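Asker: One structure coming up, written as structure tokens, with questions to follow.
The values are calculated or read from the model by the stated rules, or taken from the named source; none is laboratory data. Note that the coordinates shown come from a computational prediction; the quantities given were computed from them, not determined experimentally. FYI the Cβ positions are ideal-geometry reconstructions off the backbone, even for glycines, and counts take in every protein chain you see. Each accessible area value is taken on the protein alone, full model and side chains, heavy atoms only, with ligands, DNA and RNA left out. Shrake-Rupley method; radii C 1.70, N 1.55, O 1.52, S 1.80 Å.
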Amino acid sequence: MEHEHILILDFGSQVTQLIARRVRESGVYCEIWPFNSADDEKIKRYNPKGIILSGGPSSVTEENSPKAPQAVFNLNVPVLGICYGQQTMAVQMGGNVESSEHKEFGRAFVEIKKDCALFHGVWEVGSKEQVWMSHGDKVTSIPAGFEVVAISEGAPHAVIANEEKRYYGIQFHPEVVHTPHGAKLISNFTHQVCGCAGDWTMAAFREETIKNIRKQVGDKKVICGLSGGVDSSVTAVLIHEAIGDQLTCIYVDTGMMRAGESEQVVSLFKEHYHIPLIHEDASELFLGKLKGVSDPEQKRKIIGGLFIEVFENCANRIGGADFLAQGTLYPDVIESVSFTGGPSVTIKSHHNVGGLPERMNMKLVEPMRELFKDEVRALGIEMGMPEDFIKRHPFPGPGLAIRIPGEITNEKLEILRKADTIYLEEIKKAGLYDEIWQAFAVLLPVKTVGVMGDGRTYDHVCALRAVTSTDGMTADYYPYPHDFLGRVATRIINEVRGINRVVYDITSKPPGTIEWE
Ligand code: XMP
């Protein structure tokens, strides 16, 4: 890693990823490590320009509570402790923390008592500033060398600073949007305090990663499964830029794509980028095997299994490959190393090409492993990919199969494609597409009675879904104006034969999921 970088030690906060987002937005590379994954030697070797200690669910008042490794305080680099991070820093340096009667959750105000480098150009002495708190414990006495620079009603040591050592402790969460100036505080930490110049740009990433791919792959062959989604598309274009025709992309048309989707993918990759592409139309195979199947998990398993089978056949046809490219992102990587992440219940079996690399004896190329979703989009734009392609909503691997509860038939797929196209057309026309994380139509296996013209109808119900989200893990329904929903419903019922009723899904996630199956 040639960039200046910040190390974030994670104590298990729900929002640690947001700290990383804010640091990256400030133009500085950073990594999140579980606090207990790094010994002093490893941290020293990593040589960060500064260290951030995240929040976490523990209480430092408990025995054996998590502690920052001693190296953090021996390296002579700036340290920013947030919430639990502040508390453990205070205690480890000789201060005290107690459980508080006055717990603070949600919006709070801090009063700025003294200037410090974190506040540079954003907060002035005497002002009251909105922040987002979430704590039960509070620092009750501060270590020698620190002073209190901001207070709140529930936290007399809301921000503490030791400017000589460049140590800062913040009781609130600067990383969340509900602390309106939080991003600037974090950027002050990375730039003013740690002295980072901000060399993390997508142009630099592109150049560096291309070099690394060439080094990793040499003159060997790589295959990449294209789903039409942003992650695999950007991965493919970047790898192609690095190794040209040593890359072959495989696009499996499962027959459950949206209207025009396959054509778009093929035309972008084959005609625009001239990337060798196998376009495998396996729709008959998929639909055949799904005949009579209505259980969601069974559908997902059949699709996942067939996908791997078809993909493997295509790969064998070109004589196999040494590497498989995947669009794995940083959140997946963090998830798999997280010290809080244990085995969790399977809500849905996600479909991917897992298992294939071992079976075909392929190594993985994952150039996006360090990126967040919006960085992947920025990289796509940096590489000149069409903006409307880059900004596309996520689309699940099993495709429309999980948007048709019950048995899938060609007829239902056709009906759904038409409704979905109209819905998305209207969203784009209203200028709402970029505000929404994901929007789609679902065809319900329920028929209802209607009246059209002078006749009776007995047709399907179509449900519309639109959610806002930052990562797909939690989501809320999008609050459309009623006239918009009315317009879409009218168009769908008038223009799509087979649908006579439209409803809008207002379930958040949790308790719902984004897709219906
Ligand atoms: P759920 O429905 O679990 O979806 O709330 C969260 C996000 O994941 C997408 N999704 C999938 N993506 N393969 C994928 O590549 C899958 O099997 C799959 N299932 C759901 C979903 O569209 C949403 O963005």
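Asker: Report the relative contact order of the chain, percent, no decimals, based on alpha-carbon pairs under 8 angstrom and at least 6 residues apart.
Answerer: Answer for the chain is 10 percent.
Asker: Taking Cα pairs under 8 Å and at least six residues apart, what relative contact order does region 123-190 come out at, in percent?
Answerer: Reported relative contact order: 29 percent.
Asker: Could you list which residues have their amide H under 5 Å from that of Val461, counting only those 5 or more apart in sequence or on another chain, with H placed in the peptide plane?
Answerer: Hits under the 5 Å cutoff: Leu444, Val446, Thr448.
Asker: How much accessible area per residue does region 274-330 have, counting only protein heavy atoms and a probe of 1.4 Å, in square angstrom?
Answerer: Counting only protein heavy atoms, the per-residue value for region 274-330 is 45 Å².
Asker: With the Cα gyration tensor of the chain in hand, convert its eigenvalues to equivalent ellipsoid semi-axes via √(5λ) and list them largest first in whole Å.
Answerer: In descending order the semi-axes read 46, 30, 20 Å.
Asker: Taking θ as phi - 60°, what are the ³J(HN,Hα) couplings along region 76-91 by the Karplus curve (6.51, -1.76, 1.60), each to the nearest whole Hz, with x for Gly and Pro?
Answerer: Each residue's phi maps through the Karplus curve to give 6, 10, x, 10, 10, x, 10, 6, 4, x, 5, 5, 5, 4, 4, 5 Hz.
Asker: Something else: Report Asp483's accessible area, 1.4 Å probe, all protein chains in place, as a number in Å² to the nearest 10.
Answerer: Spelled out: Asp483, probe radius 1.4 Å, area about 100 Å².
Asker: When Lys and Arg each count +1 and Asp and Glu each count -1, what net charge do the other residues less than 12 Å away from Gln246, Cβ to Cβ, add up to?
Answerer: Charge balance in the 12 Å sphere: -1.
Asker: Also: What order, most packed first, do the peptides 419-425, 60-66, 260-266 have when packing is the mean number of other Cβ atoms within 10 Å of each residue?
Answerer: 419-425, 260-266, 60-66
Asker: Another question, if that's okay. Mind listing which trypsin sites (Lys or Arg not before Pro) in region 240-326 are in a DSSP loop and have 11 or fewer other Cβ atoms within 10 Å?
Answerer: Details: sites: Arg258, Lys270, Lys289, Lys291, Lys299, Arg300, Lys301, Arg317; in loops: Arg258, Lys291.
The qualifying sites are Lys291.
Asker: Which length gain, in nm to one decimal place, applies between Thr474 and Asp245 when the Cα-Cα distance is subtracted from 0.36 nm times their residue separation?
Answerer: Full extension from Thr474 to Asp245 adds 78.5 nm.
Asker: Here's a follow-up. Tell me the angle of helix 16-25 to the major Cα principal axis of the chain, expressed in degrees between 0 and 90 and rounded to the nearest ten.
Answerer: Here the helix axis deviates by roughly 90 degrees.
Asker: On the protein heavy atoms, probe 1.4 angstrom, tell me the percent of accessible surface of the chain carried by carbon and sulfur.
Answerer: Heavy-atom surface of the chain belonging to carbon and sulfur, 1.4 Å probe: 49 percent.
Asker: Stick to Cα atoms and the Kirkwood definition of Rh, then tell me Rg/Rh for region 78-223.
Answerer: 1.15
Asker: Let me have the relative contact order for region 34-169, percent, based on Cα pairs under 8 Å that are six or more residues apart.
Answerer: RCO, region 34-169: 24 percent.
Asker: While we're looking at this one, here's another question. Which FRET efficiency value, to the nearest 0.05, is calculated for Ser127 and Lys165 with the Förster distance at 25 angstrom and r the Cβ-Cβ distance?
Answerer: After rounding, the FRET efficiency stands at 0.45.
Asker: State in Å² the accessible area per residue of region 208-265; use a 1.4 Å probe, count heavy atoms of protein chains only, and round to the nearest integer.
Answerer: Each residue of region 208-265 exposes 34 Å² on average to a 1.4 Å probe.
Asker: What's the extension gain from Asn76 to Val177 if we count 0.36 nm per residue and subtract their Cα-Cα distance?
Answerer: 33.3 nm
Asker: Further question: With the radius of gyration and the Kirkwood radius both derived from the Cα set of region 1-135, what is their ratio Rg to Rh?
Answerer: Rounded to two decimals, Rg over Rh is 0.96.
Asker: Quick check of the Kirkwood formula: for region 130-196, what is the inverse mean of 1/r over all pairs of different Cα atoms, in Å?
Answerer: Hydrodynamic radius (Kirkwood, Cα pairs) of region 130-196 is 12.6 Å.
Asker: For region 1-142, with every protein chain kept in place, what is the accessible area per residue (1.4 Å probe, Å²)? If you can, show how the numbers build up before the last one.
Answerer: Values: 6130 Å² over 142 residues.
Value returned for region 1-142: 43 Å² of accessible area per residue.
Asker: Follow-up. Give, in nm to one decimal, the length gained when the segment between Thr490 and Lys291 is fully stretched (0.36 nm per residue of separation minus the Cα-Cα distance).
Answerer: Numbers: separation 199, 0.36 × 199 = 71.64 nm, distance 3.18 nm.
Contour length minus Cα-Cα distance gives 68.5 nm.
Asker: Applying the Karplus parametrisation 6.51 cos²θ - 1.76 cosθ + 1.60 with θ = phi - 60° to the phi angles of region 318-327, what ³J(HN,Hα) value in whole Hz is obtained for each residue in order, glycine and proline being reported as x?
Answerer: So the J values, rounded to whole Hz, are 9, x, x, 7, 8, 10, 10, 8, 9, x.
Asker: Based on a Kirkwood Rh over C-alpha pairs, give the Stokes-Einstein translational diffusion coefficient of region 409-517 at 4 °C and viscosity 1.567 mPa s in µm²/s.
Answerer: 90
Asker: Right, next: For region 173-305, what is the Kirkwood hydrodynamic radius in Å, using each pair of distinct C-alpha atoms?
Answerer: 18.5
Asker: Another question, if that's okay. I need two numbers for region 377-432: Rg to one decimal and Dmax as a whole number, Cα atoms only, in Å.
Answerer: Expressed in Å, the Cα Rg and Dmax of region 377-432 come to 14.6, 42.
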